[in-house]
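Rule-based calculations on the coordinates, nothing more; no lab input. These numbers come from a predicted model, not from an experiment. Cβ placement follows ideal geometry from the backbone for every residue including glycine, while neighbour counts extend to all protein chains displayed.
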Amino acid sequence: MPPKKPNIAVVYFPGNNCEEESLRAVLASGMDGKIVRWNQRKGIEKYDGFVIPGGWAYEDRIRAGVIAAKDPVFEIIKKEASGMKPVLGICNGAQALVECGMIPGLKNKVEMALAPNKNPFVSGYYCTWVNVRNVQDKGRCAFTSFTEKDGIVPMPIAHGEGRYVTKDRELLDKLVKNKQIIFRYSTKEGKIEDGFPTNPNGAMYGIAAICNKKGNVMAIMPHPERASFIRQLPGSAELKNKFAGSIEGMEGAAPARQLFNSMKKYVEEEIL
Amino acid sequence: MGGVDTDLIDIKGVPDNALRDFLKKNAVSLSVFEARKVVELLGRNPTLTEIYIFNTQWSEHSSYKSSRAVLKALLPTQAPNVILGPVEDSGIVELGYINRERYGIVVSHESHNHPSQVVPYEGAATGVGGIIRDVLCMGAKVIATADPLRFGNPNGQNKNKVKYIANEVINGIAGYGNAVGIPNICGDVYFNDSFDENCLVNVVCLGILKEKDVIHSYAPKNAEGFDIIVVGKATDNSGFGGAAFASLILDEKDRENNRGAVQVPDPFLKNVIIRASYAVFEEARKQGIGLGFKDMGAGGIMCSTSELCSGSNFGADIDLSKVNVSMKGLPPYIIACSETQERFTWISPPQFTKTLLKIYNEDFELPSISIGAGAFVVGKVTGQQDYVLRHEGKIVCDAPVKSVTEGIRYERRKTAPKRNFKEPNLKETDDYNRALLSVLQHPNVASKAKAYKHYDTSVMGNAVVETGYADAGVIKAVEGSNFGVALKTDCNPMYCRIDPYWGAVNAVAESMRNVAAVGAVPSALTDCLNYGNPEKPEAFYDFYEGVRGIADAAKNLYYKGTKNPVPVISGNVSFYNESASGKSVDPSPVIACIGVLKDYSKAITMKLKKENTNLLLVGDRKDELGGSVYYEVNNEVGSVVPIIDFEKERNMIYAVVDAISAGLLLSCHDISDGGLAATISEMVLGGDADGEIGAEISLDFTNLRAYKALFSQTSGFVFEVDEKNVQRLHNLFKFYKLNLIKIGSTAGRNILITKDGKQIINLPISKLKEAWTTGFAEALE
């Protein structure tokens, strides 16, 4: 009998809209998975890991991610995460992870916020391609086992509130010291710059993704699930032009697939 | 007809003048003639509810009373690749066969002009919401939207209002489309003063399904006794009279009064309804259940339910008291005709009703998503030909169902308006660098990134060519297959101002060229016909000429490999686009072209890929600068617009598709606004304006004066081609009897253009970028 594949729940809260492509990326990396509605929480603890997809959970009422973070299903996800299961929050999912205190997860309360973008070109919602750089060692968290230190991953962003901020001055130092800041916005050559357009939303320290101390939970604002196949890369990407005319090439893995491949490896080694 | 239990409104006994006053006082748009016609059809005076029903159904917006005869007589709507023509909420064109199963692309194209002028954010948002419903209700998976927009002059008399409306419309499109999670894959934006008091907000939506899975906008066979189910947001009084409103001329004074007619968007609820509806589709297919499904748009419950039943020769018996409402004491005519958003009607066999209600009300918990939302049985399909509405135990409407749905027809007079356009005699400029930069900076040419970066262009993860990177957007159509769908919208308002016929022909041809430029076969068209007041013979003439132009182009630019037309499968007519002062917008037959790629991996973009490659031109440059951007920046209009030679045009389109399919082109861009010089500049810059490869061009291939060669907008394409493929490309174009001209090569970091050995343009990429990326942004600021 072949070994059991990791089985991932992609949790749909009302208003989310990235659940299908998130599941597609999960499946493409060789895991099993299913879209699970917020009201199907019975038995959700049996899954080996969780993806909280992007969108507008509960209409982003009050603030992005706040209501989703209070949904009873999050209590279960928290509990499973404390048992070391991996949780990946993407965009709105990242906002929910911050709002429920799982990220950065130092005090078990809300320590940061994802504030409205600061962007001199387009105010409000902004959708574009960016590059992020893994600033930690390979394998620092459950999602970077295949991403070299200083490796660059192109992904799109699509959000209006993606600016990591905190009032707590010491928090940033702690996050740096704890090696919790995983991805920072960079140029395609890997240079980290504070200004627009390299940093598309004005996030402090150019933060694109943060993990918890133990490294099994990560909140990422860009969308790895929209950058997991070569065909999804932007028209200007050299990697994509190289595969023009080849379906096989186009359906091949783009760099952001590494995050899901890493999730699979992590579950196989730590959970199953 | 049958008896009713409520008071009748006396029409019969009232003289014309008093009747006219009565109708006006009650905000009824029916003419005296039409009100008397209602009495004739019913065989008695109508109830108030019946008056409002006919008021809505006989509005221009719902009945196409002025346009239908022209559309029917002229437009080619049938072809072998048509699965469904323009008869239901959306048209369907063949995508192709996957595992021996025929797949269709569902397309709908509408306008939301008048609401967007009054409350631009909500107007644009509900436009997106409505078009998504049209596609969803065919049983399709919704995969993309597009937005053609026309705004007033951003530097003119009304610039503040124009900028406000433009920004709010863009925000509204983003606010709705992003939240439901449908990618926006293309669009176009034009500014000119004819749109100062009446913007155009059109919207296109695409879906995908198997042909066998189509759910029609009429009740299935043997539907007598089936349940009529209303699903979605609780009905309120928003949008009451919306259809009639769309057919009124906007008067600034009435702005406040009209506000109530605009609907309120709720993309959050829609997001959940879409997913719940997919679950219903899946369950019904599994159980083999036949259903009817229809969007609730103009005319609300009344229009949706009557058309579902009438469409298959049934009647309906509906209890309006069973409709979920969010306001107390709504009168029956408002419940029946309100255009509350985010609602649909199902026709379901009773044995499936429980399953359907459970999916919406329990699995997806609509009642807890939005107060009062849900799915509710409100009536039955009947075997009679009556359309019966009850309210609180009383019959408030009992009309022959066909009279409600068949509408009325008018034959409008047409008279050619005077058009006094003349060609200017421009001097050669001594600064072509400046000329090119001013063309690139014109908001009609400049990069539209500031608009589309507001839109989610990558959600769903299937975009292959996102907005801005090429002449058309491309998405992967179906998981597990290689098909791609391309889409682009077009219509140059200045061409139509000068010549409504050739303007329409150009709109069709350009949309096809754009789709071909990414390698897709132009397969179907939709038209959204935005014109002035059809009761004015001059405006109706322009409309007629526009339809004639679309029809001629569609019939003569054959579907590739056949002599069939590229069919017009969906569309919409929006009349009364004029301001209170009686000034009509430029005739605007906005065309969307849907293209099919058998292999999406072959799609190409416009950006130059390599240094030292060949730049080739197809499409001789002609002295056709009427309506061009170059004339506009020189404060001229001109009179000679591009004329399309159908045989050459279709050969050009086929040759480009073949060339891309054979992998012979590195990049491709069609020639349109700004002419050859803008085309080459955009290829140098690329969609993100981050290009680093320059171009060297010689204009010695033509005898035209330099400004005409550079800026004429005659149709054509520029290709980037590797040396090794040049001969094959020449052979291919020879087969299509076309002349392929080498005009230069990719080189350096500048754009360098020479004529007769003299350098006339020499600009670094950074200068091009500055002009091209600021023009549109400044128009919005």
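Just flag the GluC sites (Glu not before Pro) in the range B:427-516 sitting in loop per DSSP whose Cβ has no more than 15 other Cβ atoms within 10 Å. Qualifying residues, ordered by number: B:Glu428, B:Glu479. Loop-located GluC sites (Glu not before Pro) in the range A:125-185 (DSSP state other than H, G, I, E, B) with a sparse environment of at most 15 neighbouring Cβ atoms within 10 Å: A:Glu148. Computed from backbone phi, the HN-Hα couplings of the range B:649-657 come to 4, 5, 5, 4, 4, 5, 4, 5, 4 Hz, rounded to whole numbers (Karplus: 6.51 cos²θ - 1.76 cosθ + 1.60, θ = phi - 60°; Gly and Pro given as x). Ranked by how many other Cβ atoms sit within 10 Å of their own Cβ, fewest first, the residues B:His216, B:His669 fall in the order B:His216, B:His669. Looking at the range A:1-130, the DSSP beta bridges with both ends there are about 10 percent antiparallel. With a ≥ b ≥ c the root eigenvalues of the C-alpha gyration tensor of the protein assembly as shown, is it rounded (a/c under 1.5), prolate (a/b larger than b/c) or oblate? Cα axes put the protein assembly as shown in the oblate bin. Is there a pair in B:Lys488/B:Lys734; A:Lys191/A:Lys240; B:Lys163/B:Lys560; A:Lys118/B:Lys583 whose C-alpha atoms are over 30 Å apart, and which pairs would that be? With Cα atoms farther than 30 Å apart: B:Lys163/B:Lys560; A:Lys118/B:Lys583.
For the range B:5-99, the list of GluC sites (Glu not before Pro) that fall in a loop by DSSP and count at most 10 other C-beta atoms within 10 angstrom is empty. Computed from phi, the 3J(HN,Hα) profile of the range B:578-595 under the Karplus parametrisation 6.51, -1.76, 1.60 (θ = phi - 60°) reads 8, 8, 4, 6, x, 8, 7, 5, 4, x, 9, x, 6, 10, 10, 10, 9, x Hz, with x in place of Gly and Pro. Indicate the gyration tensor shape class of the range A:7-271 (rounded, prolate or oblate), computed on the Cα atoms with a ≥ b ≥ c the square roots of the eigenvalues: a/c under 1.5 is rounded; otherwise a/b larger than b/c is prolate and the rest oblate. Rounded shape, in that the Cα axes give a/c under 1.5. About the centre of its Cα atoms, the range B:225-382 shows a dipole size close to 280 debye [charges on the beta carbon of Lys, Arg (+1) and Asp, Glu (-1) only; nearest 20 debye]. Listed by chain and number, the lysines whose C-alpha is less than 23 Å from the C-alpha of A:Lys242, apart from same-chain residues fewer than 8 away, are A:Lys188, B:Lys476, B:Lys598, B:Lys602, B:Lys607, B:Lys609, B:Lys610, B:Lys724. When B:Lys734, B:Lys453, A:Lys109, B:Lys210 are arranged by Cβ crowding within 10 Å, least crowded first, meaning fewest neighbours, the order is A:Lys109, B:Lys734, B:Lys210, B:Lys453. Straight Cα distances below 16 angstrom link B:Lys380 to the aspartates and glutamates B:Glu224, B:Asp227, B:Glu307, B:Asp317, B:Asp319, B:Asp398, with same-chain residues fewer than 8 positions distant left out. Considering helices alone, the calculated mean residue ellipticity of the protein assembly as shown at 222 nm is -9500 deg cm²/dmol, with DSSP H runs of length four and up weighted by -39500 (n - 2.57) and normalised per residue. Taking the fewest neighbouring Cβ atoms within 10 Å as the starting point, the ordered list for B:Leu625, B:Leu617, B:Leu525 is B:Leu617, B:Leu625, B:Leu525. Please say if the range B:1-66 is rounded, prolate or oblate, where rounded means a/c under 1.5 for a ≥ b ≥ c the square roots of the C-alpha gyration tensor eigenvalues, and otherwise the choice is prolate for a/b larger than b/c and oblate otherwise? It comes out oblate by the Cα gyration axes.
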